[in-house]
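The values are calculated or read from the model by the stated rules, or taken from the named source; none is laboratory data. In this text the structure is predicted, and so the values were computed from the model without any measurement. Note that we place each Cβ from the backbone using ideal geometry, even for glycine, and neighbour counts take in every protein chain shown.
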Amino acid sequence: MSKQFSCGGPNGAAANTLFPCREGLPRPPPLLAQPNLPFGYPVHGVEVMPLHTVPIPGLQYEGPDAPVYEARAPFQQPPLHLASGPWLTTQVPSPSGGCSHILNEHPAEVSDVQVTLMASLGTLNTLVDISDSVVKGKGQKQMTISTNNRELLNFILQHVTYTSTLYQHNRVDVVSLESNSSVAKFPVTVRYPIIPKLYDPGPERKLRNLVTIATKTFLRPEKFMAMLQSVREYYPDLTVIVADDSKEPLKINDEHVEYYFMPFGKGWFAGRNLAISQVTTKYVLWVDDDFLFINKTKIEVLVDVLEKTELDVVGGSVLGNTFQFKLLLEQGKDGDCVHRRSGFFQPLDGFPKCVVTSGVVNFFLAHTERIQRVGFDPSLQRVAHSEFFIDGLGSLLVGSCPEVIIGHQPHSSVGGSEMTTLEKTYKTYRANTKSQVQFKLALHYFKNHFHCST
């Protein structure tokens, strides 16, 4: 069923017209290379840090020759001028020779080939030490090369540099390359490289140095304790982090458990955030408090998948239930539509029993830093699951390996009257009211700039 909401916020806020500005929208249009261009140029991949200089690779001119002055001396490569300072990221060896006699012997009647480069966010220059009569506009946003010697022209083009002159991040400068009626354009991206966040598993690469188990519990102490006991049967020394927003704190006698007691009924995703925030290992295994570890709960298999693929999250199955679903995004002028479909996209390369999908069951291993970056919206206090994967759409690559199986405890209450009372209370919090459902949908549509969902 399709649901539609206005662009206003969850509580009837004004339309989110500032969203495009906040998110850098609209995006620059695609760069389309025109046919039969006489240039060679980089289509993608030129990046420069703010206030730094880089050479522009691949610049070349292959257009028609200008008229040749036959008495001209043979071309010799002029020396390179290497810019000083700490901002030049690439040094080019200086060839020998000079060309002043070439530049001064052009007869007036011989026309030059003229190539003009233009930038908007930075300046252009050349490492070649050459006369201003050949290269005009050095260190400016527009630089023009004029010569009737194609070899000299290409030598200068091979040593053109781009300098970022403003402190900006994630900006794209579209540099143009023109000669007569021919125009080529290519992007130069201004940004810092992503700083790595590495985790040291130790020389022995023990599992406890790679993986932390995290869970959230609420009014189900016997369920959690049964789950913890099953963990210790197979993984005696793995750290377990638990966030608990029950009425009374649990007493846990386990040196490898980190227990965080929260205000009562604080919420499902708030507890997830708390638990995940305390993980210090490379990976975190999320489990529900009523799961049971069995002999097919092989954390090592999931670790191997994440170590050898580009996946950020990989799920298993709960007694055979994978809960795999695909998220399909349909972009629109007034907001996007998200479509959820069961299944997966394709098998995972290198792991034929695993697949690539968008969302998985509540039993998954993830790169800690990646899911911390997405986070769990603490506004979602009750039933919520797919909302996390929707928030991560476009940033999380998700897979599923059904052969890794975890068990599930029976739904029926066990224990005395106190446990039965807790179970009944738990069920009242488990159910979503109509107002909660409406709030969740309105929040989700506003936050993710959605227009509809199916």
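When you check LYS185 against the structure, is it among the charged types (D, E, K, R) and assigned to a loop (DSSP other than H, G, I, E, B), yes or no?
Here the answer is no, as LYS185 does not meet what is asked.
For the range 166-187, indicate whether the set of residues that are more than 30 Å from TYR61 (Cα to Cα) and in contact with a helix residue (DSSP H, G or I) (Cβ under 7 Å, 6 or more places away or on another chain) is non-empty.
Initially, the range 166-187 is screened for residues more than 30 Å from TYR61 (Cα to Cα), giving 167-169.
Next, only the ones that are in contact with a helix residue (DSSP H, G or I) (Cβ under 7 Å, 6 or more places away or on another chain) stay: none.
For the range 166-187, residues more than 30 Å from TYR61 (Cα to Cα) and in contact with a helix residue (DSSP H, G or I) (Cβ under 7 Å, 6 or more places away or on another chain): absent.
Scan the range 193-211 and give yes if some residue there is modelled with pLDDT of 95 or more and under 24 Å from HIS385 (Cα atoms), otherwise no.
Yes, the conditions are met somewhere in the range 193-211.
Here is a check on your reading of the model: is ARG220 of a type in the set (Lys, Arg) and out of contact with any strand residue (DSSP E or B) (no Cβ under 9 Å at 6 or more places or on another chain)? Outline the logic, then answer.
Numbers: of a type in the set (Lys, Arg): yes; out of contact with any strand residue (DSSP E or B) (no Cβ under 9 Å at 6 or more places or on another chain): yes.
Taking the combined requirement at face value, the residue satisfies it.
Conditions first: (1) of a type in the set (Ser, Thr, Tyr); (2) within 21 Å of the chain's Cα centre (by Cα); (3) closer than 20 Å to VAL231 by Cβ. THR309 passes all but one, so which condition is the exception?
Looking at each condition in turn, THR309 falls short on (3).
Could you tell me how many of the residues in the range 371-396 are part of a loop (DSSP other than H, G, I, E, B) and not β-branched (Val, Ile, Thr)? Break it down into steps so the answer makes sense when it comes.
Going residue by residue through the range 371-396, those that are part of a loop (DSSP other than H, G, I, E, B) are 375-385, 392-396.
Imposing the further condition that a residue be not β-branched (Val, Ile, Thr) reduces the set to 375-382, 384-385, 392-396.
Within the range 371-396, residues that are part of a loop (DSSP other than H, G, I, E, B) and not β-branched (Val, Ile, Thr) number 15.
Filter the range 206-242 for residues that are among the aromatic types (Phe, Trp, Tyr) and closer than 16 Å to LEU302 by Cβ and give the result.
From the range 206-242, those among the aromatic types (Phe, Trp, Tyr) are 218, 224, 234-235; that's our starting set.
TYR234, TYR235, listed by residue number.
Considering TYR199, TYR167, TYR192, TYR162, which residue is over 20 Å from ASP112 (Cα atoms) and in a strand (DSSP E or B)? Steps first, answer last, please.
Details: TYR199 fails: in a strand (DSSP E or B); TYR167 fails: in a strand (DSSP E or B); TYR192 fails: in a strand (DSSP E or B).
Selected residue: TYR162, the only one of TYR199, TYR167, TYR192, TYR162 that is over 20 Å from ASP112 (Cα atoms) and in a strand (DSSP E or B).
List, please: which pairs have Cβ atoms under 7 Å, are six or more places apart or on different chains, and start with a residue in the range 333-344 that is closer than 24 Å to PHE323 by Cα and end with one that is among the β-branched types (Val, Ile, Thr) and not in a loop (DSSP other than H, G, I, E, B)?
Matching pairs, first to second residue: VAL338/ILE390; PHE344/VAL355; PHE344/VAL356; PHE344/THR357.
Is it the case that some residue within the range 310-318 is of a type outside the set (A, V, I, L, M, F, W, C) and either at pLDDT below 95 or over 28 Å from LEU198 (Cβ atoms) (or both)? Show your work before the answer.
If we filter the range 310-318 for residues that are of a type outside the set (A, V, I, L, M, F, W, C), which is where we start, we get 310, 312, 315-317.
Filter again for either at pLDDT below 95 or over 28 Å from LEU198 (Cβ atoms) (or both), leaving 317.
Yes, the range 310-318 contains a residue that is of a type outside the set (A, V, I, L, M, F, W, C) and either at pLDDT below 95 or over 28 Å from LEU198 (Cβ atoms) (or both).
Does SER181 meet the test of being closer than 27 Å to LYS138 by Cβ, of a type in the set (S, T, N, Q) and without any contact (Cβ under 8 Å) to a residue 40 or more places away in the chain? So that I can check it myself, show each step before the final result.
Values: closer than 27 Å to LYS138 by Cβ: yes; of a type in the set (S, T, N, Q): yes; without any contact (Cβ under 8 Å) to a residue 40 or more places away in the chain: yes.
Taking the combined requirement at face value, the residue satisfies it.
With the requirement that a residue be within 32 Å of the chain's Cα centre (by Cα) and buried (at least 20 other Cβ atoms within 10 Å of the Cβ), what does the range 147-168 give you?
From the range 147-168, those within 32 Å of the chain's Cα centre (by Cα) are 160-168; that's our starting set.
Matches in the range 147-168: VAL160, THR161, TYR162, SER164.
Residues of the range 122-144 being in contact with a Gly (Cβ under 9 Å, 6 or more places away or on another chain) and part of a strand (DSSP E or B), which ones?
Listed by number, the residues that qualify are THR123, LEU124, ASN125, MET143, THR144.
Go through the range 322-339 residue by residue and tally those that are among the small types (Gly, Ala, Ser) and at pLDDT 90 or above. So that I can check it myself, show each step before the final result.
If we filter the range 322-339 for residues that are among the small types (Gly, Ala, Ser), which is where we start, we get 332, 335.
Now drop any that are not at pLDDT 90 or above, which leaves none.
So the answer is 0.
Please go through the range 345-360 and pick out each residue that is buried (at least 21 other Cβ atoms within 10 Å of the Cβ) and part of a loop (DSSP other than H, G, I, E, B).
Within the range 345-360, SER358, VAL360 qualify.
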